[in-house]
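No lab work stands behind these numbers, since they all come straight from the coordinates. What you see is a predicted model; the values in this text were computed from it and never measured. As a convention, Cβ positions derive from the backbone with ideal geometry for all residues, glycine included, and neighbour counts pool all protein chains shown.
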Amino acid sequence: MKLLKRTFAEFKVAPGLYVGSTLVITLCLTIFAFFGLIYLNLIHFTKEVAKELVLNVYLNPNITEEQVKKLSEYIQKDPLVAGVRFIPSEEVLKELKELFEDPTLLEGVKASFLPPVLVVSFKDPFKAGESLPILAGTLERRPETEKVQYAHSWLLRLKRLKRFLELISLSGLFLLGTATIFIVALTVHFSLSERREEIEILSLVGATPGFIQAPLLTLAFIEGLIASASALFLLFTLKFYLEYLSRGLLPSLKEGWVFFSQIEIAILIIGVVALCLTGSYWASRRFLRY
Amino acid sequence: MSEILRLENVTKIYKPNIRALNGVSFSVQKGEFIFLTGPSGAGKSTLLNLIFRAERPTSGEIYFDGRPLSSYSKREIPLLRRQIGFVFQDFKLLPHRTIFENVAIPLEVLGMAEGEIRRRVLIVLEQVGLAGKEQQLVDQLSGGEKQRVCLARAVINHPPILLADEPTGNLDSKRTEEVMEIFENLNAQGTTILLATHDESLFIDRQRRILVLDEGRIINL
C-alpha cells in the first residue's frame, strides 16, 4: 500500500514525463508488432495459396465404387495427405460447364466421356512437395488410374517465395526489434535522467537503493504493461480494418488475417515489461550516490 | 566525553593531480561544536563530503564512532548517512515537493508511521521557524527558507552529529543569527556539530573550537 502511494507520488511529480515515455514506447512497439503481423500474414497467405494446389488423380471411366473406396483409403494412409475427394464424371461435367460459362462449348459432350477424378489435398503442401513426385508415380502405375496431374513447378515457386518472404521479413523484424529495444531503453533512461537530482538527493539522505528504486521500478512495470497492451489493442483494431479493406482481394483470404497467438502475445508483453524494468533499474542505479 | 569522529592522515587527490586535502588529522568529541574555516578552495567541502562518505579519501582513514568508514559496504552507507545530518551548501532539496515532503524523507526512509512523521515534522518546522508553511512548494521559497528546510531535514531524525557546509552563505545577518541560534540549541541538546564557513563573524565571539584549513592542511587546532 505504501509502495503504491509512493509510486503515485512519484508519478504526480512528473506526469508528463511518464505519459510521454509510455506513448513513445507504445508507438515503437506498435510499429514493431505491425511488421510482425505483416510477416505472420504473408507466410499464412502463402500457405493458404499452396493448399489450393492439389493432386488430381484421373480414374478409369469404368472404375467401380469399391475400387474408388480402396484407392481413397490407400492414398489417405499417406501422413502428408489431408483429404481425398471423389468427383464422379457427371460432376466433372457440371463443374466444367460452370467454369466455361458458354454452354455451347460443351455441347454434345457426355459425362461418360470425362474421367472421374480423385482430388488429393495436403496438410502442408510445402512439406509434401518433395514426396509428391513419388506419390504421383506410384498412383500412376496403378491399374485404376489413367493419369496423375499436379502443379509441381508452382509449388516449388511458392516454396521459394515463402522462403524469400521469411528471409526479408525476419531480417526486417530483427533490425526493427533491435531499434525498438534501443529506443525503449533510451526512453526509459532519458525519462529517469530527468529524475537524476531527486535520486541523488534521496541517496544522500539515507535512503536505501531499494527504497529509491521501488517506485521507479513499479512505474516502469506499469509503463511496460500499458505500452504493450495499448500497442496490441491498436494492432488488433488495425487488423480488423485491414481485413475489411482486403476482403475479396484474394480467394485465399477467405479466413481473414491471422493475429498473434496467446504465447506470442505473452512473450511480447513480458519482453516489454522486462525491458522497461531492466532499463529503469540500470538507469536509476547509475544516479545513486553511494 | 567520548570520541565520535577521528580523521587520520586523510588525503584527497582529484585527477589529474589536484591535492584537495593533504594529511588531515583531528578528532571530534561527542557534543562538541566545531567551526571549520578557511578560504574558498581550502578543502572544507571536500572534508565534509569525505566524512559523509559522499566521496572516498585517496589515503588515510576516517573513523565514525570508532569504526573505519572504509569498512562500510555499499549496503551500509545509507545506515551511516542516517546517523549524520548534513546541511548542504546548495540545499539539495526535492524541487517539486512541499516543505513537509522534503523534511519527512529521512523518516519515511526509516519506515515510520505517517502519524508519527507528521508529528515530528511539525515540531521541527516550528523549531526552524517554518510553522504553517508545510504545504508550500520548495520552488517558491527564498534562499533563507530553503536553508532552514535543509536544516530541518538534517535534524529530523536526531542524528548524533550534524555537518553543515556554509549554512549561512545565502542568508542576511538577521537570518544568519536565527540559523546560528538553531545550531546552538541543537548543540545544547547534545548534537555534535561540525560547521564549515569562511565567514569569521560566525565564530569570532563564540567560545568554540576552530579548525583552520588552508591548501588542504589543518594549520591551527
To the nearest 10 degrees, the tilt of helix A:152-193 (Cα long axis) against the first principal axis of the alpha carbons of chain A is 10
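Between exposed GluC sites (Glu not before Pro) in chain B, where DSSP calls loop and at most 15 other Cβ atoms lie within 10 Å, what's the longest gap?
B:77-214
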Taking the square root of 5λ for each eigenvalue of the C-alpha gyration tensor of segment A:54-150, the equivalent ellipsoid has semi-axes, largest first and in whole angstrom, of 26, 16, 11
GNM on chain A, Cα springs under 10 Å; top mean-square fluctuation among A:S171, A:S112, A:S228 goes to A:S112
Ordered by number, the GluC sites (Glu not before Pro) in segment A:1-98 that occupy a DSSP loop and have at most 13 other Cβ atoms within 10 Å are A:E52
Connecting every pair of Cα atoms under 10 Å apart in chain B and solving the GNM, the largest mean-square fluctuation among B:L80, B:L163, B:L47 falls on B:L80
Cα-Cα longer than 28 Å, checked against A:K12/B:K74; A:K51/A:K97; A:K70/A:K94; A:K123/A:K239, kept in input order, equals A:K12/B:K74
Given unit charges at Cβ for Lys, Arg (+) and Asp, Glu (-), the dipole magnitude of chain A about its Cα centre in debye, nearest 20, is 1100
For the protein assembly as shown, percent of DSSP beta bridges that are antiparallel (nearest 5) comes out at 65
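Tell me, which longest segment in chain B has none of the trypsin sites (Lys or Arg not before Pro) that fall in DSSP loops with at most 12 further Cβ atoms within 10 Å?
That would be B:76-205.
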Of all trypsin sites (Lys or Arg not before Pro) in segment A:175-261, the ones in DSSP coil with at most 13 other Cβ atoms within 10 Å are A:R247
In Å, the C-alpha Rg and Dmax of segment B:1-127 are 16.9, 51
Taking the protein assembly as shown, the equivalent ellipsoid from its C-alpha gyration tensor has semi-axes in Å, biggest first, of 85, 23, 17
Between the Cα axis of helix A:262-287 and the main Cα principal axis of chain A, the angle (0 to 90°, nearest 10) is 20
For segment B:174-188, in residue order, the Karplus 3J(HN,Hα) values (coefficients 6.51, -1.76, 1.60; θ = phi - 60°; whole Hz; Gly and Pro = x) are 5, 5, 4, 4, 4, 5, 5, 5, 4, 4, 4, 5, 4, 5, 5
GNM of chain B, Cα pairs under 10 angstrom: of B:P57, B:P16, B:P39, the biggest fluctuation goes to B:P16
